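See structure below.
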């Protein structure tokens, strides 16, 4: 469904030299659902100003700080309806808090906060504000990921037994943080990233994908974190075993020191009747293996696709469709949710499969439990309950 009334958005972070901010901006524009009208794009006032001007934002709405932006945008008749937060992790909580207190909807990059305590505080703020909160676990937007979830939900796999997720990269194999790579610098800095490195950066994506597709929650973990690069202050490799509340057992591997891997996010789910496998670098195919039958290659927009997958397929079968489109699918869902809220729908009723503050809290519970397990010789650690 196309939405022609653009939602006015602002952005905090994502200025010159940033990576993910540009991705969010492109994804939000693909369906023409959003218009970027304001920003505090850097903690440096001049860089924020020049970044905003480069993006066509009026100079009067390129702010020196997020707190000023939240107050002044709320006071405007044409103020922003939602803010996108693409700062380093340590700023997610204070920025989200400032905008939620103004009743402005929040779209936040993951992990949701720096600590579990912040995540729990933020959940209370979301509930008190009445605003909509979305966490951009963008891989949930891929058509075949949604079809994989559909296969699980409709019982094609039967009772789940094994869930394996991995996300492997190689970009931190050397001590990249000692170069001028700003992304490496903050992601390996505990003050900005939090106590998890690779685990928080990409391990949370693998964790979220495993939970999203399976429909189960992780109850316990047994983990081993390593910083293989000498002198690195945060983990760059994660191994963890998983126990799910539905009885499935799993494994998660996340690494940023695996030469030959670029963005190797993969998931395998096996039940008593069938198994499925999907890889983000080949996003337009899903492998379905029904016990005793030949393995099937299912393709995006191809024969046998579910409506939940076809709804977010943008172009005819056989044409490549990937990362930006999957990200845009999430933004389209968010736009529809915000429009529904403004027409009187409740926040809870429109959340649907959009990753929420609850998913953010679950991610921080996972990080906290993995760290505790690894620090205690990989003992099984129960995830905290509220």
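The values are calculated or read from the model by the stated rules, or taken from the named source; none is laboratory data. Bear in mind that the values here come from a model prediction, so they are computed numbers and not experimental data. Counting neighbours? That spans all protein chains shown, and the Cβs are built from the backbone with ideal geometry, glycine included.
Residue 84 meets the conditions (1) under 30 Å from residue 195 (Cβ atoms); (2) more than 17 Å from the chain's Cα centre (by Cα) in every case but one. The failed one is (2).
Out of all the residues in region 315-326, which are crowded, with 18+ Cβ neighbours inside 10 Å and closer than 11 Å to residue 29 by Cα? Scanning region 315-326 gives a single hit, 325. Of the helices (runs of 4 or more DSSP H) entirely within region 282-386, those holding at least 3 residues that are in contact with a strand residue (DSSP E or B) (Cβ under 8 Å, 6 or more places away or on another chain) occupy 323-342, 357-375. Within region 264-281, being outside any loop (DSSP other than H, G, I, E, B) and without any contact (Cβ under 8 Å) to a residue 60 or more places away in the chain holds for 277, 279.
For every residue, the table says whether it meets (1) out of contact with any helix residue (DSSP H, G or I) (no Cβ under 7 Å at 6 or more places or on another chain); (2) over 21 Å from residue 234 (Cβ atoms); (3) modelled with pLDDT under 95; (4) in a strand (DSSP E or B).
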{"residue": "93", "(1), (2), (3), (4)": "no, no, no, no"}
{"residue": "97", "(1), (2), (3), (4)": "no, yes, no, no"}
{"residue": "127", "(1), (2), (3), (4)": "yes, yes, no, no"}
{"residue": "140", "(1), (2), (3), (4)": "no, yes, no, no"}
{"residue": "148", "(1), (2), (3), (4)": "no, yes, no, no"}
{"residue": "163", "(1), (2), (3), (4)": "no, yes, no, yes"}
{"residue": "171", "(1), (2), (3), (4)": "yes, no, no, no"}
{"residue": "174", "(1), (2), (3), (4)": "yes, no, no, no"}
{"residue": "185", "(1), (2), (3), (4)": "no, no, no, no"}
